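The values are calculated or read from the model by the stated rules, or taken from the named source; none is laboratory data. Since the model is a prediction, treat every value here as computed from it, not as a measurement. Because the Cβ atoms are built from the backbone with ideal geometry, glycine has one as well, and the counts that use them run over all protein chains shown.
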Amino acid sequence: MLPRSKEEVHRASTPLELLFDLVFVVAVAGASANLHHSIAENHLSSAIFPFLWVFFGIWWAWMNFSWFASAYDIDDVPYRILVLVQLTGALVVAAGVSDTFSKGTSWFAITGYTIMRVAQITQWVRAWLGDPPRRQVITRYIVGLFLAQIYWWLIMLAPMSLKPYLIGFGILIELSVPFLAEKVNGGTPWHPKHIIERYSLFTIIVLGETILSASTAVQSSIDAGYVDGSLVGIIIGGLLLVFNMWWSYFQQTEHNITNSHWQGIFWGYGHYFIFVSAAAVGAGLASSVDFMSGQSMASLTLTNAVIAIPVICYFLTLALVHGRLRAYPMSAAVLCISTVLIALCIWSQSAVLLIGLIISASNAFKLWHYRTLSF
């Protein structure tokens, strides 16, 4: 398995990568749906950690595949078969999402991850055979992934009371593998523009799940006969919110990523907070519809908070990861003002509509400001 060139022009996502993304739609939808149901039952406090943990597992599996493919996707028959095995493992993980929410860990999820890891390590072994100059880097990946998977199996035997702490340590182990491996001999030959496209496509997938969660809740409300001005406000505000989340992400064509080890790690890892926030917004919008129609046991402030906090996290992380605060100092002031205004919406009866209008005004001002600077 020979490495791909970093200088390859017009590098684009392959149909197999797009199929891989679609499989992860199932897992993202499951995580968002479980968070939505927990909010409606007023069990948010017990659902926050499982949601963050489950989404990490989904995102991490996708990320490991995407960065490897950027460096070593030769699209031969063995590569395709191994990716299809990874897809099978991803579907098994998706089947264990609800179980993980309730128990913290799931035999389904661990088994699915093991299936993916066996295929992934096999891919790395092929890369080790075909790329002698980077064998030290690849060896770190192989050993790290193997030890990490052994650790997850051992966690299944631990007492329930210790699992949150052990899971947290396991996440640190997982994050350390690429961090330590990519420091050696210049790391793997991942393609910056290809990685940017892959992350952009995953952003669209998560935003699509946000729309799906909200539209499903709206349809249920309409079917139940709950249609009034509040529902219209949620629909308009939700559309404004999702449209502006998309606009903000794709507003900047040049992202803050290079072949630098530190920038690659910060950019790649930082997107976790962008993705998980977007998924949480979908659950929050659905919960707002439930509250309006009287189908939620959560309070008004809690219902609004599960929208406002993820929205703030999304735009704050987006500005940091894409380097906009440094490139455009005015963005920092606009972000601070928007954050305060969005936080105040937590106590409003029309929070979704107000948040959508605030984000729209913020983006309109920043767009005008950027255009002014360009002249």
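Any residue at all in segment 174-195 that is among the hydroxyl-bearing types (Ser, Thr, Tyr) and more than 14 Å from the chain's Cα centre (by Cα)?
Scanning segment 174-195, I find at least one residue that is among the hydroxyl-bearing types (Ser, Thr, Tyr) and more than 14 Å from the chain's Cα centre (by Cα), so the answer is yes.
Which of (1) within 30 Å of Phe291 (Cα to Cα); (2) out of contact with any Gly (no Cβ under 8 Å at 6 or more places or on another chain); (3) surrounded by fewer than 18 Cβ atoms within 10 Å (Cβ to Cβ) is the odd one out, the single condition Ser5 does not satisfy?
Of (1) within 30 Å of Phe291 (Cα to Cα); (2) out of contact with any Gly (no Cβ under 8 Å at 6 or more places or on another chain); (3) surrounded by fewer than 18 Cβ atoms within 10 Å (Cβ to Cβ), only one is false for Ser5: (1).
Go through segment 255-283 residue by residue and tally those that are within 16 Å of the chain's Cα centre (by Cα) and either of a type outside the set (Val, Ile, Thr) or surrounded by fewer than 19 Cβ atoms within 10 Å (Cβ to Cβ) (or both). Before you say what the answer is, go through the steps one by one.
Taking segment 255-283 as the starting set, the residues that turn out to be within 16 Å of the chain's Cα centre (by Cα) are 265-283.
Now narrow it down to the ones that are either of a type outside the set (Val, Ile, Thr) or surrounded by fewer than 19 Cβ atoms within 10 Å (Cβ to Cβ) (or both): 265-273, 275, 277-280, 282-283.
Residues flagged as within 16 Å of the chain's Cα centre (by Cα) and either of a type outside the set (Val, Ile, Thr) or surrounded by fewer than 19 Cβ atoms within 10 Å (Cβ to Cβ) (or both) within segment 255-283 amount to 16.
Please name all residue pairs, on different chains or six or more residues apart, with Cβ atoms under 9 Å, provided the first residue is in segment 62-87 and is closer than 14 Å to Ala127 by Cα and the second residue is of a type in the set (Ser, Thr, Tyr) and surrounded by 20 or more Cβ atoms within 10 Å (Cβ to Cβ).
Trp67/Thr188; Phe68/Tyr141; Phe68/Thr188; Ser70/Thr188; Ala71/Thr188; Tyr72/Thr188; Tyr79/Tyr72
Hey, any hits in segment 105-125 for a residue that's charged (D, E, K, R) and either surrounded by fewer than 19 Cβ atoms within 10 Å (Cβ to Cβ) or touching a Pro at 6+ places or on another chain (Cβ under 8 Å) (or both)?
no
This table checks each residue for (1) modelled with pLDDT of 95 or more; (2) surrounded by fewer than 17 Cβ atoms within 10 Å (Cβ to Cβ).
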{"residue": "Leu147", "(1), (2)": "yes, yes"}
{"residue": "Tyr151", "(1), (2)": "yes, yes"}
{"residue": "Pro159", "(1), (2)": "no, yes"}
{"residue": "Gly168", "(1), (2)": "no, yes"}
{"residue": "Ala181", "(1), (2)": "no, no"}
{"residue": "Pro192", "(1), (2)": "no, no"}
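Within segment 286-315, work out how many residues are of a type in the set (Val, Ile, Thr), closer than 18 Å to Ile211 by Cα and either outside the structural domain of Val206 (by TED's automatic domain parsing) or over 23 Å from the mean Cα position of the chain (by Cα) (or both).
1
Could you tell me how many of the residues in segment 332-362 are surrounded by fewer than 20 Cβ atoms within 10 Å (Cβ to Cβ), among the hydroxyl-bearing types (Ser, Thr, Tyr) and part of a helix (DSSP H, G or I)?
Number of matching residues: 2.
Looking at (1) in contact with a helix residue (DSSP H, G or I) (Cβ under 6 Å, 6 or more places away or on another chain); (2) assigned by TED's automatic domain parsing to the domain that holds Val321, which is the one condition that is false for Trp152?
Tallying (1) in contact with a helix residue (DSSP H, G or I) (Cβ under 6 Å, 6 or more places away or on another chain); (2) assigned by TED's automatic domain parsing to the domain that holds Val321, Trp152 fails exactly one: (2).
State all residues of segment 160-193 that are touching a Ser or Thr at 6+ places or on another chain (Cβ under 8 Å) and more than 24 Å from Gln136 (Cα to Cα); if no residue qualifies, say none.
Within segment 160-193, Lys163, Ile167 qualify.
Okay, residues lined up against (1) assigned by TED's automatic domain parsing to the domain that holds Ile173; (2) more than 30 Å from Ser161 (Cβ to Cβ); (3) not in a helix (DSSP H, G or I); (4) not charged (D, E, K, R):
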site	(1), (2), (3), (4)
Arg117	yes, no, no, no
Ile121	yes, yes, no, yes
Leu129	yes, yes, no, yes
Phe146	yes, no, no, yes
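Go through segment 79-104 and give me each residue that's among the polar types (S, T, N, Q), surrounded by 17 or more Cβ atoms within 10 Å (Cβ to Cβ) and over 25 Å from Pro3 (Cβ atoms).
Ser98, Thr100
So, in segment 276-313, how many residues would count as being part of a helix (DSSP H, G or I), farther than 18 Å from Leu353 by Cβ and not hydrophobic (A, V, I, L, M, F, W, C)?
1
Please indicate, with yes or no, whether at least one residue in segment 265-275 is in contact with a Leu (Cβ under 9 Å, 6 or more places away or on another chain), over 30 Å from Lys183 (Cβ atoms), assigned to a helix (DSSP H, G or I) and in the same structural domain as Ser338 (by TED's automatic domain parsing).
No, every residue in segment 265-275 fails to be in contact with a Leu (Cβ under 9 Å, 6 or more places away or on another chain), over 30 Å from Lys183 (Cβ atoms), assigned to a helix (DSSP H, G or I) and in the same structural domain as Ser338 (by TED's automatic domain parsing).
Out of Thr122, Thr111, Thr139, which single residue is closer than 30 Å to Pro50 by Cβ and either polar (S, T, N, Q) or out of contact with any His (no Cβ under 9 Å at 6 or more places or on another chain) (or both)?
Values: Thr122 fails: closer than 30 Å to Pro50 by Cβ; Thr139 fails: closer than 30 Å to Pro50 by Cβ.
Selected residue: Thr111, the only one of Thr122, Thr111, Thr139 that is closer than 30 Å to Pro50 by Cβ and either polar (S, T, N, Q) or out of contact with any His (no Cβ under 9 Å at 6 or more places or on another chain) (or both).
Would you check if Val227 is of a type outside the set (D, E, K, R), part of a loop (DSSP other than H, G, I, E, B), farther than 16 Å from Ala283 by Cα and without any contact (Cβ under 8 Å) to a residue 60 or more places away in the chain?
Yes.
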